[in-house]
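In what follows, a structure is listed as structure tokens, so that the remarks can point back to it.
The values are calculated or read from the model by the stated rules, or taken from the named source; none is laboratory data. Keep in mind it's a predicted model, so treat the numbers as computed, not measured. Every residue, glycine as well, gets a Cβ built from its backbone with ideal geometry; the counts of neighbours run over all protein chains shown.
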């Protein structure tokens, strides 16, 4: 089996471990030398952990190996996990937050569903504290609602939520584009344009991760280029609401095609150096998106509150 190579060193012998190229697409990073995984434990099998992109490495006993190679090593009960593309400093709270956020955005946890905090802590192998911190953060972003002594519920979506989201984006995105415009790079814009042309109407479909969704990635590009972390975080929260709706109630093929043309117009204006044209193209796109949400609401009002 070809792939990225890992070495596990015991007290008196060595063993080479291999992981699939498809799991570790990025260049490998060295595991933190202060990792507690040292000793004589050896890999006996592999499995996938529910947090996306993580490979769980099971060991024959509870002694702790030293692992060197690609990925990030963290403790998970009796497991060692390697996580694709995550920084070594990412906390358990962030891991729990990303896991739950994906579940909510992709409607694996649907509006109105109850959250079993104990089940999540057991599934992730974390203590209650980081999971509780992740839940509190998601509640601040209005993805979850916490009812003291009653439970935790995935937030419902109302038409007013969608209207407020569009109104907020109409205020924020023009400013972000003005701030970002001097630092936009042509290669990135051409990459977005090529992606749209290659995927056609499929550009409206969701990918297997939040960050791979074209609409999320494209609009977040301008937010990141504006270099304002508070507005960047706000944009991420606003776009998550859009994603939740598109996952559960996909757009019509007509709206997807219109959205593709609107994104192309934004890109072409930016490539031409037309700052005001880019802002106006974004405004048109958001106004048409508002009309699309209204149509979805009228067609599926049983989904909304």
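Going through region 118-137 one residue at a time, which ones are surrounded by 13 or more Cβ atoms within 10 Å (Cβ to Cβ) and not in a helix (DSSP H, G or I)?
Once the filter is applied, which keeps residues that are surrounded by 13 or more Cβ atoms within 10 Å (Cβ to Cβ) and not in a helix (DSSP H, G or I), region 118-137 yields 125, 126.
Within region 176-186, is even one residue free of Cβ contacts under 8 Å to residues at least 24 places away in the same chain and in a loop (DSSP other than H, G, I, E, B)?
Yes - at least one qualifying residue is present in region 176-186.
For region 242-285, what are the residues that are outside any helix (DSSP H, G or I) and farther than 24 Å from residue 175 by Cβ?
The answer is 249, 250, 251, 252.
Can you tell me which residue among 203, 168 is at pLDDT below 90, assigned to a helix (DSSP H, G or I) and surrounded by 12 or more Cβ atoms within 10 Å (Cβ to Cβ)?
Step by step, each of 203, 168 is checked, and only 203 is at pLDDT below 90, assigned to a helix (DSSP H, G or I) and surrounded by 12 or more Cβ atoms within 10 Å (Cβ to Cβ).
All but one of (1) more than 22 Å from residue 254 (Cβ to Cβ); (2) surrounded by fewer than 16 Cβ atoms within 10 Å (Cβ to Cβ); (3) modelled with pLDDT of 90 or more hold for residue 211, so report the exception by its number.
The single condition residue 211 does not satisfy is (3).
Against the conditions (1) modelled with pLDDT of 50 or more; (2) within 25 Å of residue 247 (Cβ to Cβ); (3) touching a strand residue (DSSP E or B) at 6+ places or on another chain (Cβ under 6 Å), where does residue 125 fall short? Just the number, please.
Result: residue 125 fails condition (2) only.
When only residues in region 94-111 that are modelled with pLDDT under 90 and not in a helix (DSSP H, G or I) count, which is surrounded by the fewest Cβ atoms within 10 Å (Cβ to Cβ)?
This residue is 108.
Quick grid of which residues meet (1) closer than 30 Å to residue 276 by Cβ; (2) surrounded by 14 or more Cβ atoms within 10 Å (Cβ to Cβ):
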| position | (1), (2) |
| --- | --- |
| 139 | no, yes |
| 155 | no, yes |
| 172 | yes, yes |
| 178 | yes, yes |
| 185 | yes, no |
